[in-house]
Structure formats: structure tokens, C-alpha cells
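These notes concern the structure reproduced below.
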Amino acid sequence: MLFKEIPGLSAIKNTLIRSVQMNHVAHAQLFHGAVGGANLALAWAYATYINCEEREENDACGSCASCIKMAKMVHPDIHHIFPTPSAKETILELLPTWRKFLIESPYRSLTDWLEFTGATGNKQGIIPIKEAHNIIEKISLKAFEAEYKILIIWQPELMNIESANSLLKILEEPPTKTLFILVCNDTNKLLTTILSRTQRVMIPAFSDENTVEYLTEKTGVTTERAKQIAYLSEGNISKAVALTTHEGQVQHEWFANWMRMAYKPNVPALIKLADEFDALSKEDQKGMMEYGLNIFRDLLLWKNGAEALVRLEGEELTFVQNFSKAVKIEAIELIVQEFSQVYYYLERNARAKILHLDLSLTIARLFKS
């Protein structure tokens, strides 16, 4: 991955390049930004530039031995740490799958990764303590051929307390010429002791223009359709690509039917929907809660006269317009709280069927109250 392959974001690219040129590379850096952004892509390009044997002024050369190995993700001094679907599966076992996943697109989400591995059921992704121990073992050795040994840790917020604590000492005093690049989407889930040991690099979201450039080049959609998708995706490349294939339509249809059954209310139908929800993977269940939060946020905007801020189209926009006439603002605010609470319990492996049915009945009551 080269900087020029990442659309836009020239300011942050220049900042990273200058840090290398001026020899001000912090030993532990935290790249954080929204889901579907350039966090991981920039970390990959940055690592490529640092160890490039023939650095150019604004990018790595892309042709030296180091760059070629980086492009194939086989460089012996670059290590990737990422969540595994369960503690039984190791990073070493999943490394070929990870290479394929990342080379296809470095802008995808944790849900995309788990689906790519074929994870099912309650698997949410975890970086267990044994992988933290492997990190310490890997960096105890000298670099094999490059100037720096680099560890890219994707989704460090998924490390449990034991894993995170085991890394604190090595983050504070790493071996010479060893760099840590932590790539995360939610800094609130990281230990404050880890945050204090890293240099934070805020990665901005892609602009609509950046998204249009990526979609027209990679997916072949028309410029006009790419502009519509860019507006809807709000800088999330992963979401934008899903919109080009209409993957989000199924989610909307299921959610809209759920809300209609709750509004009637149709209790037998809600029980059936709870069974369907329970059969989804854990990440899909959480994704449905996130989708609901976004829809109700747009409902609030619409009812408060801020229609210009609602980034929806087609059936989703019609749904919001119609539902805004039937649901009171007070009910929407309470429903948003309920969705957030269910998301919280899903992360802690509560039974999805019970959570969903309870949420459905609560929404039905709030619709009528």
C-alpha cells in the first residue's frame, strides 16, 4: 500500500511523511478514526514508507525489495495483530486469510472481517492474552532485514484487560528500532494507560469527493450514482461499497417490517422476528441496533425541521417521512435509549431473542403511549 493509492487526505499524509523525513517517528502511535475510514490503509502505507529502501519525497518507491514484500504482506519485519473469531483460533492460522482480506480492501470493518473468516453465532472478535504474549516474543528479536520492526495492531480496543495490561511495559520501553502502530475506531474502549503511552494521530473521514473517486475507480458505478452514495455513506468506504451492491436494502426491509409490527402491534409477528434476530450472527445483531439508532436519529432530525441533514434516499427516506408523522419526539428519545441498552447487553453475550422481544414490546408501548 502506497500513500498515493489512498484517496485524498493529503494533510495527514504529509504529516506522516514529514515525521519520517525529520526522524521524529514516535515508537508507539495510535491511528484512530471512524469505521470505514483510512486508519488501517494509512498505517500500512506509513509502515511501507518507513522501511522503503529508495524513499521518494512524497511516497515510497513501490519497487524496492521492501516495498514489494509490503505489497504482498510478506515482509519478515512487519507483524499484524488482529481480532480472531474466538480464542481457539490463532493469528498465525488466520494470517493467509487476513492477507487476502486486506489486499482486497483495507477500508472494511470488523463485521466484514468476521464474515470473511466465516465466523457465525456469538463470535464477536477478540485479541486474547496469548496473542499479547506472542507480540512480546516477536519484538524481542532484532529486525531481520529492515531498519525498523513494526507491529500493526488492528482493533486494539478488543483486547481484554489482561491482554492490554501485558502490553503496557513494552509500549513504554520497546526495544530499539521497534514501532507500534495501533489502529482503532473507538478510543473510549482503550485503557487510559495505553492512551497515555501512545502518540495519537486523528484520521479524518473521507470527503464525498474522496468517496466518489474511490467508487468510480474500484466499483465502476457512474459518477452520478457515486455522488449519491458518497452523500449517504458519510465518509464510510465500507458502507459506500455495500450500497453499490444493495446489501443495505435487506437490512432496511427487515427493520421497516419490525417497526410496522411493533406499531400495530402484532405480538405473534414480533415473536417470530425475535427468533429471526436470534439466528443472526452477533455482529449482524449489533449492526441492526446501529442501523436502528441511525434511523431514529434521522427521525429526530426530520421532526425537528432539519430535513437537510437527513442523508437517506428511496425507501429509507419514505419510511422516515411516514413514521415521523406517527411517532412523537418523546417516544423517539426513549427508544434510542432502549436500542443503546440492547447493544450494550449484546456485547456482553446476553440472549438475543429475549433482548429483542423485550425491546419490541417496549417500542410497541412507547409508540402508543
Round to a whole number: what % of the accessible area of the chain belongs to carbon and sulfur, probe 1.4 Å? 52
For the stretch 212-369, what is the convex hull volume of its Cα atoms per residue in Å³? 109
Per-residue accessible area, 1.4 Å probe, largest first, puts 105, 196 in the order 196, 105
Hey, which aspartates and glutamates would be in cross-link range of residue 142, C-alpha to C-alpha under 14 Å, not counting anything within fewer than 8 residues on its own chain? 77
So what is the diffusion coefficient of the stretch 191-277 in µm² per second by Stokes-Einstein at 37 °C and 0.692 mPa s, using a Kirkwood Rh over Cα pairs? 205
Accessible area per residue of the chain at 1.4 Å probe, in Å²? 47
Pairwise FRET efficiency - residue 24 versus residue 234, Cβ, R0 = 56 Å, nearest 0.05: 0.95
Taking the structure as given and computing mean projected area of the Cα convex hull in nm², which label from [x] 23.6; [y] 17.7; [z] 18.8 fits? [z]
At R0 = 25 Å, FRET efficiency that the Cβ-Cβ distance of residue 329 and residue 264 yields, to 0.05: 0.70
Checking the table 13/177; 100/169; 4/100; 13/69 against a 25 Å threshold on Cα-Cα, which pairs fail? 100/169
Quick numbers on the stretch 279-369, Rg and Dmax over C-alpha atoms in Å, give 13.6, 38
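The values are calculated or read from the model by the stated rules, or taken from the named source; none is laboratory data. Computed from a prediction, not measured in an experiment: that's the story for all the values here. So basically every Cβ, Gly included, is an ideal-geometry build from the backbone, and we count neighbours across all protein chains shown. What goes into the accessible areas is simple: the full protein's heavy atoms, side chains included, and nothing from ligands, DNA or RNA. Shrake-Rupley method; radii C 1.70, N 1.55, O 1.52, S 1.80 Å.
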